[in-house]
Amino acid sequence: MSTKRKTILSIIGVVFSIALLGISSVLAEEKILNPAIAIVFTALSWVFVLIAVFYAAKIDYGTGVYECRKCGHLFKPTFKAYICGAHTLTTRHLKCPKCEEKSWCRRKTAK
Ligand SMILES: [Zn+2]
């Protein structure tokens, strides 16, 4: 499967699971569902959200490399650094393995 396709699928997964969580909250709130079923349904929705977010993060990690702002070196951070690093949509605050400087590294799609 292509990288783009995986990324799109993972985004759809996150959106869908959050929508499911929203629907289950409304159904529970409006007492449309039996409370016990509502709890199970909401818990399952949370599990789906976590799986979808984790999967999306894994796809994003697996398909991206980062460019150091200081020296231009392209590198792949450790999964821990990837998860823990402050980030925006296209940049992540990482330590470059070459010059050992921390900077807001721009994400590039790995070939
Ligand atoms: Zn560097």
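The values are calculated or read from the model by the stated rules, or taken from the named source; none is laboratory data. Bear in mind that the values here come from a model prediction, so they are computed numbers and not experimental data. Quick reminder, even Gly has a Cβ in these numbers, built from the backbone with ideal geometry, and neighbours come from all protein chains shown. Protein only, heavy atoms only, side chains kept; ligands, DNA and RNA dropped before computing areas. Shrake-Rupley method; radii C 1.70, N 1.55, O 1.52, S 1.80 Å.
Structural remarks
- Residue, surrounded by the fewest Cβ atoms within 10 Å (Cβ to Cβ), within the range 27-76, restricted to residues that are within 16 Å of the ligand (Cβ to nearest atom) and of a type in the set (A, V, I, L, M): 74
- A single entry from 83, 39 fulfils the requirement of being outside any strand (DSSP E or B), farther than 18 Å from residue 101 by Cα, out of contact with any Pro (no Cβ under 9 Å at 6 or more places or on another chain) and outside the structural domain of residue 11 (by TED's automatic domain parsing): 83.
- Residue within the range 10-26 that is within 20 Å of residue 110 (Cα to Cα), in contact (Cβ under 8 Å) with a residue 12 or more places away in the chain and not acidic (Asp, Glu) present: yes
- Criterion violated by residue 57 - all others in (1) outside the structural domain of residue 23 (by TED's automatic domain parsing); (2) touching a residue at least 12 places away in the same chain (Cβ under 8 Å); (3) part of a helix (DSSP H, G or I) satisfied: (1)
- Which listed residue is out of contact with any Leu (no Cβ under 8 Å at 6 or more places or on another chain), at pLDDT 90 or above and among the β-branched types (Val, Ile, Thr), from 88, 63, 7: 88
- Test: residue 6 is buried (at least 16 other Cβ atoms within 10 Å of the Cβ) and among the charged types (D, E, K, R): yes
- Residues located in the range 82-103, provided they are away from the ligand (no atom under 12 Å from the Cβ) and open to solvent by 50 Å² or more (accessible area, probe 1.4 Å): 83, 84, 86, 87, 88, 89, 90, 93
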